[in-house]
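Engineer: There's a structure below that I have some questions on.
The values are calculated or read from the model by the stated rules, or taken from the named source; none is laboratory data. All of these numbers come straight from a predicted model, not from anything done at the bench. Cβ sites come from the backbone with ideal geometry, for glycine too, and all protein chains shown count toward neighbours. All accessible areas refer to the heavy atoms of the entire protein, side chains included, with ligands and DNA or RNA removed. Shrake-Rupley method; radii C 1.70, N 1.55, O 1.52, S 1.80 Å.
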Protein chains: 2
Amino acid sequence: MIKRKNELKVVTQKEFLGGKGTLQLTHFLEREDAYDSGRLFALSVLTPGSSIGYHTHTGDGETYFILKGRALVNDDGEEAVLEAGDVLITKNGSSHSIENIGDTDLEYIALILFDK
Amino acid sequence: MIKRKNELKVVTQKEFLGGKGTLQLTHFLEREDAYDSGRLFALSVLTPGSSIGYHTHTGDGETYFILKGRALVNDDGEEAVLEAGDVLITKNGSSHSIENIGDTDLEYIALILFDK
């Protein structure tokens, strides 16, 4: 089944999870196509200065793969700067936040899998 | 947990599943970090002219998200050309192949989830 770029579901969130600015999610998989394995597989875009607030994952884990831009992340209490090609894995029970500290859009792939 | 670009596991496959040329997989998640939900979450790179042969998914489904380049895919018997931003979903029991028909590397995200 092919989904063209312009057919994908795009959702815009403001100040997501206590963050700043705008998060745009382009969803690749609907829940029914994910075999109850997870709840998110998407391209995430944060505009410069935008962020997702610090939050804990309970019952699932999330992986980020940075495509473009410059991210300040908080990985379970420790800050780090991530760039294209870097990965952040937040396991069930762990916490994270992410902020675009660059001058261009921050783009990354996000995957959330349930810990059953 | 942060994995820097140069720490990720990179695997090179020749003529993968009956295809041509070279496939390079950069793995984001190890099996133990994926909660038994799937068996692949990776950046896939096919050099110009390289391909993955036509094969059927049994017990799992795979999603491709095209990042860069030009792909000829066979989606359960029907051919189509995909470009950046397009998605191919191959569900359990369906088949696919992918070939780089462009002049530059074809890069895409691949996710395989089990159908339990």
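Engineer: Could you report segment B:70-113's accessible area per residue, 1.4 Å probe, as an integer in Å²?
Structural biologist: Roughly 36 Å² per residue, with all protein chains present.
Engineer: Taking 24 Å as the cut-off for C-alpha to C-alpha distance, list the pairs among A:Lys20/A:Lys68; A:Lys20/B:Lys5; B:Lys3/B:Lys116 that go past it.
Structural biologist: A:Lys20/B:Lys5; B:Lys3/B:Lys116
Engineer: So how exposed is A:Val11, as accessible area in Å² (1.4 Å probe, rounded to 10)?
Structural biologist: For A:Val11, the solvent-accessible surface is approximately 50 Å².
Engineer: Which Cβ of chain B lies nearest the axis of the rotation superposing B onto A, and at what whole-Å distance?
Structural biologist: Looking at chain B's Cβ atoms against the axis toward A, the nearest is B:Ser37, 2.
Engineer: Once you list every other residue whose beta carbon is under 12 Å from the beta carbon of B:Gln24, what net charge do they have if Lys and Arg are +1 and Asp and Glu are -1?
Structural biologist: Taking every other residue near B:Gln24 into account, the sum is 0.
Engineer: Need one value for B:36-44: mean number of C-beta atoms belonging to other chains within 10 Å of its residues' C-beta atoms.
Structural biologist: Mean partner shielding for this stretch: 4.
Engineer: In debye, nearest 20, what is the charge dipole magnitude of chain B about its Cα centre with +1 on Lys and Arg Cβ and -1 on Asp and Glu Cβ, if you could check?
Structural biologist: 440
Engineer: Taking amide H atoms as placed 1.01 Å from N in the peptide plane, list the residues 5 or more away in sequence, or in a different chain, whose amide H sits under 5 Å from that of A:Gly38.
Structural biologist: The list, which skips near neighbours in sequence, is A:Phe114.
Engineer: I've got another one for you. For the pair A:Lys68 and B:Asp105, how long in nm is the line joining their label points, each one 7 Å along Cα→Cβ?
Structural biologist: 1.7
Engineer: How much solvent-accessible surface does A:Phe114 expose, in Å² to the nearest 10, with a 1.4 Å probe and all protein chains in place?
Structural biologist: 40
Engineer: Would you work out the Kirkwood radius for chain A? I mean one over the mean of 1/r across all pairs of different Cα atoms, in Å.
Structural biologist: Hydrodynamic radius (Kirkwood, Cα pairs) of chain A is 14.4 Å.
Engineer: Can you pull out the buried accessible area for chains B and A, both sides counted, probe 1.4 Å, rounded to the nearest 100 Å²?
Structural biologist: 3300
Engineer: For B:Leu29, enumerate residues with amide H under 5 Å from its amide H, sequence gap 5+ or separate chain, H modeled in the peptide plane.
Structural biologist: The answer is B:Phe41.
Engineer: Which is farthest toward the positive dipole end of chain A among A:Val10, A:Phe65, A:Pro48, measuring Cα position about the Cα centre, with Cβ charges +1 (Lys, Arg) and -1 (Asp, Glu)?
Structural biologist: A:Val10
Engineer: Of all the accessible heavy-atom surface of the protein assembly as shown, with the other protein chains kept in place and a 1.4 Å probe, what percent is carbon and sulfur?
Structural biologist: 45
Engineer: What dipole magnitude, in Debye to the nearest 20, does the protein assembly as shown give about its Cα centre under +1 on Lys/Arg Cβ and -1 on Asp/Glu Cβ?
Structural biologist: It comes to approximately 100 debye.
Engineer: A follow-up question, please. Mind pulling the per residue volume of the convex hull built on the Cα atoms of the protein assembly as shown? Å³ is fine.
Structural biologist: Convex hull volume per residue, Cα atoms: 115 Å³.
Engineer: Please compute the net charge surrounding B:Asp105, taking Lys and Arg as +1 and Asp and Glu as -1 over other residues with Cβ under 11 Å from its Cβ.
Structural biologist: Summing Lys/Arg as +1 and Asp/Glu as -1 gives 0.
Engineer: Quick one: accessible surface of A:Lys68, probe radius 1.4 Å, all protein chains present, in square angstrom to the nearest 10.
Structural biologist: Spelled out: A:Lys68, probe radius 1.4 Å, area about 110 Å².
Engineer: Which order do B:Tyr35, A:Tyr108 take when ranked by solvent-accessible area (1.4 Å probe, heavy atoms of all protein chains), largest first?
Structural biologist: Output order, biggest surface exposure first: B:Tyr35, A:Tyr108.
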